[in-house]
Amino acid sequence: MHDRGVLLTDLVTTSRTVAESSSRRAKAAALADLLRRLRPDEVVPAVAFLSGELRQRQIGVGWATLRDVAAHPAPTAQPRPAALTLAEVDATFAQVGAVSGAGSQRVRRGLLADLLDRATGPERQFLVGLLSGELRQGALEGVMADAVAQAAAVPPQAIRRALLLRGDLRAVAEVALRDGAVGLAALGLQIGRPLQPMLAQPVPDLDSAVDGSGPVGLEEKLDGVRIQVHRSAGTVAVFTRSLDDITDRVPELVTLVLALRGGDLVLDGEALTWRADGRPQPFQVTAGRVGSRTGSTGDSDGLPLQPAFFDVLHADGVDLLDRPAVERMAVLSELVPERLRVRRLVTDDIEDARRFLAETLRRGHEGVVVKALDAGYEAGRRGTGWLKVKPRHTLDLVVLAAEWGHGRRQGWLSNLHLGARDPAGGFAMLGKTFKGMTDDTLRWQTERLRELAASPLEQWVVTVRPELVVEVAFDGVQRSPRYPAGLALRFARIVRYRPDRSAADADTIDAVRAIHLAAGGAAGTVSHPEL
């Protein structure tokens, strides 16, 4: 350890070791070795960085700011010695996040430029990847949890249980490394402290989820904002999937939950806004309502939120996490009226399941979640207890440009700019993605895009001749002021390249608009903002 704490270069070396290893055991061992050397105040930022995120989550640095700062490295006559400490980097990020008021962007740029100028080449690469959200180093939560267990000399199940109850691996690591098994055992479900939500594993079709071996619970998969609601002693707190507290933005939800039967409660569900015809508003509308800090009346822009609860984790002093789903469903039905619960069918008949899915889609929802009736609540995990089935949208789009990658994709053109064919001429950009690409795909497309380059390869974004067609899967279409057509794809991911198709065969922007309208989107476009 450096006398001022662990050096950033040590963390970067560990990150690279983890990224280059294919062995889960080797990854955990490398991480554990670093964790043992940390000071108590370094644990939280170190676990955050190695998980590919900031301790502060958001610090107000957009892509454009990072691009400009990263594009102008300070000239050096010789290699820079490693001197940055982990604590200094974390403190700088905190300082950047605290900047506000007139001239804040200029101040943020200056702080980041100074940080990057003091970094070595590998450190700089790591920091840019971390800030851009493109750091891919293989330190997933499960591997990191194993590493924390090794470093703290506690059983892995103690870490997993603490993570379930605390909901934040960084905080669990801090307790484990400071207080060991005794500290972990003292952690319990606390009303007002959110848990990581249980997640559903995607399966290709309904037959994969309903096999006739026994009854299952089918629930409508709602395209809303995931919420976890805690009630105790007349006080309600509402948290998002990312564990952010949004209580002050959703007073209508607070009022509804205060009126429910019983005492202490922890509920899991979705919040949605609805159209006059009874169909859900597009996700973007609901997300905008939840994200608004002006909706203190609970009716921002005439869009009150309605909850649809599907699970209960605690009721009247009793933790229900380990109880089978069928018991939790019964408790939920006792405490929450039907109008505030997700629509559900319990069946072992595939034809009944197909009818339920068809009706769910007709009602404007995404698909269904199939739940094992004997499964407990696996916080933060995507196991087999919940399986999600939803039709997949795909489009054949044209690659318009690509961005040079970071981290695992360093040196490859990876983030593709995707466009639909405009019958009036040209192409309408719909968004960007690097999801779904294998290393082989990255190598091939980098070579091919170099051949098609229509702008200097040294630029951050390389425009290309619109000739390559890719099949793109996505979850939906939303309105966006970012692009001239006013539309963007949600959760786009590459399925495959289509060498059998030319740009003239690509799907049109009219087809994209039709998908948007069919899902309940508004007609028209959004003007492109001034740059």
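The values are calculated or read from the model by the stated rules, or taken from the named source; none is laboratory data. Note that the structure is a prediction, hence the values are computed from the model and not measured. FYI the Cβ positions are ideal-geometry reconstructions off the backbone, even for glycines, and counts take in every protein chain you see. Keep in mind that these areas ignore ligands, DNA and RNA; they rest on the heavy atoms of the full protein, side chains included. Shrake-Rupley method; radii C 1.70, N 1.55, O 1.52, S 1.80 Å.
Descriptive notes on the structure:
- Residues Ala83 and Arg392, FRET efficiency given R0 of 56 Å [Cβ-Cβ distance, rounded to 0.05]: 0.70
- Measuring r between the beta carbons of Asp245 and Gln56 and using R0 = 22 Å, the FRET efficiency lands at 0.90.
- From most to least packed by mean Cβ count within 10 Å, the peptides 222-228, 274-280 give 222-228, 274-280.
- Values of log10 I(q)/I(0), in the order q = 0.23 Å⁻¹, for the range 94-153 under a Debye, Cα-only, solvent-free model: -0.94
- Gain on full stretching of the segment that runs from Val99 to Asp179 - 0.36 nm per residue minus C-alpha separation: 25.3 nm
- The spread of Cα positions in the range 466-521, taken along each principal axis and listed from longest to shortest, comes to 33, 21, 19 Å.
- Semi-axis lengths, largest first, of the ellipsoid equivalent to the chain are 37, 33, 23 Å, with √(5λ) applied to each eigenvalue of the Cα gyration tensor.
- With a simple spin-label model that places each label point 7 Å from the Cα along the Cα-to-Cβ direction, the separation between Arg37 and Asp207 comes to 5.5 nm.
- Taking the inverse of the mean reciprocal distance over all distinct Cα pairs, the Kirkwood hydrodynamic radius of the range 398-512 comes to 14.2 Å.
- The Cα atoms of the range 184-244 cover 43, 31, 21 Å along the three principal axes, with the biggest extent listed first.
- Rounded to the nearest 20 debye, the dipole size of the chain about its Cα centre is 720 debye, using +1 on the Cβ of Lys and Arg and -1 on the Cβ of Asp and Glu.
- Amide hydrogen neighbours beyond the local backbone of Gly476, cut-off 5 Å, H modeled: Arg490
- In the range 85-191, the C-alpha radius of gyration followed by the widest Cα-Cα span (Dmax) gives 17.7, 51 angstrom.
- Directionally averaged projected area (convex hull, Cα atoms, the range 343-413), nm²: 8.6
- Candidate lysines for bridging to Lys388, where Cα separation is under 19 Å - those fewer than 8 sequence places away on the same chain excluded: Lys221, Lys371
- Spacing of the modelled spin labels on Asp264 and Glu327, each 7 Å from Cα toward Cβ, amounts to 1.7 nm.
- Placed amide H near Val312: partners under 5 Å, 5+ positions off or other chain: Asp268
- The tail of the calculated P(r) for the range 240-377 beyond 19 Å holds 57 percent of all Cα-Cα pairs.
- Considering helices alone, the calculated mean residue ellipticity of the chain at 222 nm is -11000 deg cm²/dmol, with DSSP H runs of length four and up weighted by -39500 (n - 2.57) and normalised per residue.
- Dipole magnitude for the range 392-521: about 380 debye, using +1 per Lys or Arg Cβ and -1 per Asp or Glu Cβ, origin at the Cα centre.
- Segment Asp440-Glu467, extension gain: residue separation times 0.36 nm, minus the distance between their alpha carbons: 7.7 nm
- In Hz, Karplus ³J(HN,Hα) per residue of the range 115-127 (6.51, -1.76, 1.60; θ = phi - 60°; x = Gly, Pro): 4, 5, 5, 8, 8, 6, x, x, 5, 4, 4, 4, 5
- Dipole moment magnitude, nearest 20 debye, the range 145-277 about Cα centre, only Lys, Arg, Asp, Glu C-beta charged: 560
- Under the Karplus curve 6.51 cos²θ - 1.76 cosθ + 1.60, θ = phi - 60°, whole-Hz ³J(HN,Hα) for the range 286-291, x wherever Gly or Pro sits: 4, 4, x, 5, 5, x
- Ordering Leu116, Leu357, His393 by the projection of their Cα atoms onto the charge dipole of the chain, which places +1 on the Cβ of Lys and Arg and -1 on the Cβ of Asp and Glu, puts Leu116 at the extreme positive end.
- Taking all protein chains together and a 1.4 Å probe, the residues Leu361, Leu66 rank Leu361, Leu66 from largest to smallest accessible area.
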